[in-house]
1. Which of the numbered conditions does Ser347 fail, given that it passes all the others? Conditions: (1) within 18 Å of Thr409 (Cβ to Cβ); (2) more than 37 Å from the chain's Cα centre (by Cα); (3) in contact (Cβ under 8 Å) with a residue 24 or more places away in the chain.
2. Looking only at region 188-202, how many residues end up being at pLDDT 95 or above and among the small types (Gly, Ala, Ser)?
3. Of everything in region 149-181, what is hydrophobic (A, V, I, L, M, F, W, C) and free of Cβ contacts under 8 Å to residues at least 12 places away in the same chain? Give them in sequence order.
4. Can you say whether Arg110 is in contact (Cβ under 8 Å) with a residue 24 or more places away in the chain and outside any strand (DSSP E or B), as far as the supplied structure shows?
5. So Glu426 ticks every box in (1) charged (D, E, K, R); (2) touching a strand residue (DSSP E or B) at 6+ places or on another chain (Cβ under 7 Å); (3) more than 30 Å from Ser290 (Cβ to Cβ) but one. Which box is left unticked?
6. Spot the failing condition for Pro169; the list is (1) on the phi < 0 side of the Ramachandran plot; (2) out of contact with any strand residue (DSSP E or B) (no Cβ under 7 Å at 6 or more places or on another chain), and only one is missed.
7. Could you tell me whether any residue of region 272-294 is within 18 Å of Thr212 (Cα to Cα) and β-branched (Val, Ile, Thr)?
8. Return the residues of region 232-278 that are among the aliphatic types (A, V, I, L, M) and touching a helix residue (DSSP H, G or I) at 6+ places or on another chain (Cβ under 8 Å); say none if nothing qualifies.
Amino acid sequence: MKFPRLRHALLAALLLATCFPLAASSQAEGQPLRVTKLIADEFPLVKVQIATWEASGALLVLIPDQNLRVSEDGVSYPVLSIEPVNVGVRLAFIIDAGDGARNTGVGLRRVVEIANEYLQTFLIGRPWMVAGVDQITVLVQEGDSTELVSPMSSDPGLIAQQLTAYTPPSDGAIGNPAQPGDFTRTGLRRALDELQFAPGGEDKPSAVVLFTPGMAADTSDLAQRAIDAGIPIHVVMTRDTPTTRWETALRPLAQVTGGLFETHYGTGDLEPMFEDLTLKRQQFHVAYRSTSPALGQRLVGVEIDGPSGPLVASGQYSVTLSPPAIEILSPAPGTLLNRQGQEGSDSPEDAEPTFLSVVAEVTWPDGLPRLLGPAQLLVDGRPAAQGEVVAGRTEIAWDLRAYQDTGQTPAALQVALDDELGLHAESSPRNVSVQYVPYPDTTPDFLVYAALALALASLGFAVFLFLPLIALLLRATPERLWETLGTRPVQQAVGLSLRTAAAATGLSIALGTPVAYVLARRRFRLKRLVEALVDLPVVLPPAVAGLALLMAFGRRGLLGGALEALGIPIGFSPTAVVLAQTFVAAPYYVRAAAIGFRPSFSASRCTM
């Protein structure tokens, strides 16, 4: 009995010696930071999906540009956002017969019974599995053959039903492996195949959970494969009685691959293992915006300042880029633009239209929309105007005022722009022509004659007005004019005119201002009549106005006799002149002052 134990001890030592160095290198490279996915379907916005944990298994706290940096092909980029994403986990549970009931003392049916209880708790009891996120497959190693009890699925209820409906074969039908560990090695190999090659879920953390009563074999090759793939193998010793014999071979397998070694010896608690399995379902999307137009593979590096030093991981992606495509929608090819001269203007610059809207559409042959700079209009290869691109369209105003020839002038239109990566694009030339069409002279002959007659009548009226004044000035020489101005009668007449005019002005202001204010700001029943009376002196003939004043203020007038009795003679006095001037001039003052007192006029004057 000592030789089998010695053989098992030697195998365990060999496994420890061959696997621990591999774990030291592989686990350092794959954990605690991994780039699990690169998403460039919204390029130039790139999302780097990373999985990162502290040594304790807790998520690292990431702060953009402080403890987290991103680079692409050696060029650093600012981190735009960090968003947590629940990617789920991808697990393969394998229930194993071990080295057979005859060697281990535990049959497959008992292992299935114990494992089923734990799996029901994991699937629908607590539950630990998140439906629609996690992916689970369950396999049972029935001796040399592997039964796929539940294919990879995200439906915990379906997996639980399939597991409940499964009936394992009898222990006699299974037998013992030809070589120790053959059953277990076959099951582990199949579980790794399911995790690595089943479609979907490539970015999910994966793990194998092995329920086994025990086996004794060298699994260093499988351990190496698991380490290279970053898949930890968790081992659950599933027995009713404790043993150390089988632990010697299985415990190192869990340790070197980063898994946990748990036991069910009659009773057990797998919650720590379930906690470890589901802890890493959360990852992060680190977003940055690339400015590189490079073709081919791009190397993305992520660096994090971890608690024990910098952590580095990298990944690659590629995009196929092409410049944006531009098509001029308007004007149509071969369009003749007629600049029509305007009535009353002989300048071709005033012809309409003065501007034409050139409309172009921008599309993305590579399916990756990007930011665009201003669109530039080229006319015969020279810049003419520019406009912004909004929702894939641009409208650029083309100035046509320089086209002043009556003949057709050809013009080749193009729209050019650059995207945010510096990729340049130009539309195909759009050939059009521009010509100036003078405004036709359509004035009828009778209008010309009527305008000429009106001009002659206006000239005759002007002669009638100014000729007497000119004749008066021509009759007197300058010497005689100065001589006449120096005589006493003329000086008295000028002085009288100035004095009476000043008095009439003051009287008009004193008496007319209140009237103007009332007419402008108040509404009353007889307002129209008062306005008519104010305007009446303006429309009266001078003779009638003089007769009216005489009848009112003359010696025999209505007020003249009374005023003269009081010692105020009116007739043939300077007072009469003042009254006459006031009678004629006051209506003009009242009208002008009333306009100034209007509310609308006052408000507009205050805002000037």
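The values are calculated or read from the model by the stated rules, or taken from the named source; none is laboratory data. Bear in mind that the values here come from a model prediction, so they are computed numbers and not experimental data. Counting neighbours? That spans all protein chains shown, and the Cβs are built from the backbone with ideal geometry, glycine included.
1. Among (1) within 18 Å of Thr409 (Cβ to Cβ); (2) more than 37 Å from the chain's Cα centre (by Cα); (3) in contact (Cβ under 8 Å) with a residue 24 or more places away in the chain, Ser347 violates only (3).
2. Here the count works out to 1.
3. Going residue by residue through region 149-181, those that are hydrophobic (A, V, I, L, M, F, W, C) are 149, 152, 158-160, 163, 165, 173-174, 178.
Leu158, Ala165, Ala178 - these are the residues of region 149-181 that are hydrophobic (A, V, I, L, M, F, W, C) and free of Cβ contacts under 8 Å to residues at least 12 places away in the same chain.
4. Values: in contact (Cβ under 8 Å) with a residue 24 or more places away in the chain: yes; outside any strand (DSSP E or B): yes.
Taking the combined requirement at face value, the residue satisfies it.
5. In the conditions (1) charged (D, E, K, R); (2) touching a strand residue (DSSP E or B) at 6+ places or on another chain (Cβ under 7 Å); (3) more than 30 Å from Ser290 (Cβ to Cβ), Glu426 misses (3) alone.
6. Answer for Pro169: the failing condition is (2).
7. No, the conditions are met nowhere in region 272-294.
8. Across region 232-278, the qualifying residues are Ile233, Val235, Val236, Met237, Ala249, Leu253, Val256, Leu260, Leu270.
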